[in-house]
Amino acid sequence: MGWVHNFNAVVAKSAVGRWFQLDGSGHPRERKGSYFFTELRAGLAGFFAMAYIIAVNSSIISDTGGPCVCNGGPDDPLCDANDDYLLCVAEVKRDLVTATAAISALSSFCMGLFANLPVSLAPGMGLNAYFASTVVGHHGSGSVPYSVALTATFVEGWVFFALALFGMRQWLARAIPRSIKLATSVGIGLFLTLIGFTYSEGLGLLVGAQDTPLELAGCPSSALLDSGLCPDSAKMRNPAMWIGIFCGGVLTVLLMMYRVKGAIIAGILLVSIISWPRTTSFTYFPYTPVGDDAFDFFRKVVDFHKITKTLTVQRWDISDYGGQFGLAFITFLYVDILDCTGTLYSMARFANVIDPVTEDFEGSTLAYMVDAISISVGSLLGCSPVTAFIESGAGISEGGRTGLTSMTTGICFFISIFFAPIFASIPPWATGCVLVLVGSMMMMAVTEINWRYLGDAIPAFVTICAMPFTYSIANGLIGGICLYITLNGVVWLIEKASGGRIVPPNKAEKDPWTWRIRGGVLPPWMKRLFKGKTDFWHDDTPITESTSDVPGEEKMPKPNSEDSAKGHSKTVALHDQQ
């Protein structure tokens, strides 16, 4: 396809190509293997892997009741049978479909345009569950009303912005020990895999159990017992699961093995189209009240729903909820810092845009600032905190290397505002195998962890295991970092107290770490400003031509080198770039 190569070359030589550092643009930091059409395809793949958030987030957040007022009385305190209240909740859910698509479009587009990263943003899974279940509660039964929780989210976003502006968030990412950062990538891969195995967002292969943490499932949702488990007679008999496994999983892997372009997109579309007809036993629209409602929404095809109930409903008089407001704010703050920091670093590393010397990624300050502003804007629309999405790995695995990928995803989310009935109808078993495939590719980083020294290995192992088992990136990071500090802090104290005579025999094999992070705490733009440079917003950092002195970093591809393209190819192990 010569015209594709010619068009890629024309775009690369243009101002667009230079801004996004496409291969062949002549930019001193051009990203080898990045081509215009490859970026567009990657953005589509990322969107289809993330599209479930439109339906899932609106369902989770609307369970709080939003701003609807419950007047059920003592017989129905949560208004579970109050028709007027339930009609209001249904309207809130439709508002949140529009709000979720809108904030995902805006934040992803801005991330690509300003930070030039192939990482898309959307209301975070896990954070939305905490927002709905713990903070606000079912139909407002929690400790904080919906409007006050949105106020906490809005304030949190601007606190994030200040931390990003003065370099504290990116300093935190650089200060985390190398073994923990590598383990974060692996742990997120397992986390993605677990999501892909669940019912709400995946194949429905696993469910939570009582006697064991997890149990094999695979039965139709209608066959689930009241306990949430599958009866033995129905396990692994869900036709939708098998369609997802073979059409969305096995077929996709075969296409990837033969380097077929757009393999991930093809798998998602094939499973979705097969699952839409209502006459099959595996339809996404069964003849139930829920299925009828979903099908009625699907049949509209084109429909724009104006936000009427969740727009700018923040409550600024928080005097009655001071303690609860503070708790919600602090929780949102630390969870989002750790979640977003871990996800952004892992996705940047997966895309091979990490500088091996500074251990930072290009555009980190702008990336964190875009995320911070998106949190506050999302709260004005009625959404829980926005964060970097680990499903961005689907786009990166398709070859995404620049911000054009996330801009394409953002445009798709914008279009989905008007085609929400279609995009919200992608079944979870269509994307489940994609999450598993991306998780398997992110496991490659496990070989670079320093397993020789227990002070590095055990904290890394805890980080990897805690993320999927606790269903939280933040919990994994907290556990790994605390254990790292404890183990290595005790070793340091014993070494100092003994005058250097008592040390682990193989301490020389430990990955070096120091609190004196290369590059310092202040962001580069502030350093250039203090030096009197009028164009302080332009990055003038010299191109790295040598690898870090950290053991194992010599295996990482160098920025702006011929090995960079090779390293990226090995990382994603998927496609020859156009």
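The values are calculated or read from the model by the stated rules, or taken from the named source; none is laboratory data. As the structure is a prediction and not an experimental result, all values here were calculated from the model. Heads up, the Cβs are rebuilt from the backbone with ideal geometry, glycines too, and the neighbour counts pull from every protein chain shown. Protein only, heavy atoms only, side chains kept; ligands, DNA and RNA dropped before computing areas. Shrake-Rupley method; radii C 1.70, N 1.55, O 1.52, S 1.80 Å.
At-a-glance table
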| item | result |
| --- | --- |
| Cβ-derived FRET efficiency at R0 45 Å, VAL16 paired with PHE246, nearest 0.05 | 0.65 |
| Percent of Cα pairs exceeding the 17 Å cut-off, where the set is region 183-225 | 37 |
| P(r) tail fraction, region 121-166 - alpha-carbon pairs more than 17 Å apart, % | 41 |
| Rounded percent of accessible protein surface that carbon and sulfur make up, region 332-452, 1.4 Å probe | 77 |
| Relative contact order %, region 190-308, counting alpha carbon pairs below 8 Å whose residues are six or more apart | 13 |
| ³J(HN,Hα), Karplus 6.51/-1.76/1.60, whole Hz, each residue of region 470-481, x for Gly, Pro | 9, 6, 7, 5, 4, 4, x, 5, 4, x, x, 5 |
| Stokes-Einstein diffusion coefficient of region 316-423, Kirkwood radius over Cα pairs, 25 °C, 0.890 mPa s, in µm²/s | 154 |
| Cα convex hull of region 229-297 - mean projected area over all directions, nm² | 6.0 |
| Region 243-361: relative contact order as a whole-number percent, Cα under 8 Å and 6+ apart | 10 |
| Ordering of 338-344, 296-302 by burial proxy (mean other Cβ atoms within 10 Å per residue, highest first) | 338-344, 296-302 |
| Ordering of 12-24, 464-476, 48-60, 228-240 by packing [mean C-beta count within 10 Å, highest first] | 48-60, 464-476, 12-24, 228-240 |
| Under Karplus coefficients 6.51, -1.76 and 1.60, residue-wise ³J(HN,Hα) of region 444-460 in Hz, glycine/proline x | 4, 5, 5, 6, 8, 5, 7, 7, 6, 10, 5, x, 9, 5, 5, x, 5 |
| The chain: calculated mean residue ellipticity at 222 nm from DSSP helix runs of at least 4, using -39500 (n - 2.57) | -17000 deg cm²/dmol |
| Under Karplus coefficients 6.51, -1.76 and 1.60, residue-wise ³J(HN,Hα) of region 154-159 in Hz, glycine/proline x | 4, 5, 4, x, 6, 5 |
| Cα gyration tensor, region 80-154 - rounded (a/c under 1.5), prolate or oblate | prolate |
| FRET efficiency, 1/(1 + (r/R0)^6) with R0 30 Å, evaluated for VAL253 and THR212 via beta carbons | 0.55 |
| Shape of region 434-527, Cα gyration tensor, a/c cut at 1.5 | oblate |
| Spin-label zone in region 365-382 - amide nitrogen under 18 Å from a point set 7 Å from the Cα of THR312 along the C-beta vector | 374-382 |
| List TRP515, TRP158, ordered by accessible area with a 1.4 Å probe, largest first | TRP515, TRP158 |
| Solitary cysteines of the chain, where the nearest other Cys Cβ is not under 4.7 Å | CYS110, CYS247, CYS340, CYS383, CYS412, CYS433, CYS465, CYS482 |
| Share of carbon and sulfur in the accessible heavy-atom surface of region 63-218 [1.4 Å probe, %] | 66 |
| Calculated on alpha-carbon atoms, Rg and Dmax of the chain in Å | 24.0, 77 |
| MET444/ILE415 FRET efficiency (R0 35 Å; Cβ-Cβ; nearest 0.05) | 0.55 |
| Segment ASP296-PHE166, length gained on full extension (0.36 nm per residue, minus Cα span) | 41.9 nm |
| For the chain: relative contact order, % (alpha-carbon pairs under 8 angstrom, 6 or more apart) | 29 |
| DSSP bridge orientation in the chain - percent antiparallel, rounded to nearest 5 | 90 |
| Per residue accessible area in Å² of the chain, where ligands, DNA and RNA are left out and the probe is 1.4 Å | 42 |
| Simple label model, 7 Å out from Cα along Cβ direction - THR470 to SER143, nm | 1.8 |
| Alpha carbon convex hull of region 1-130, projected area averaged over orientations, nm² | 10.5 |
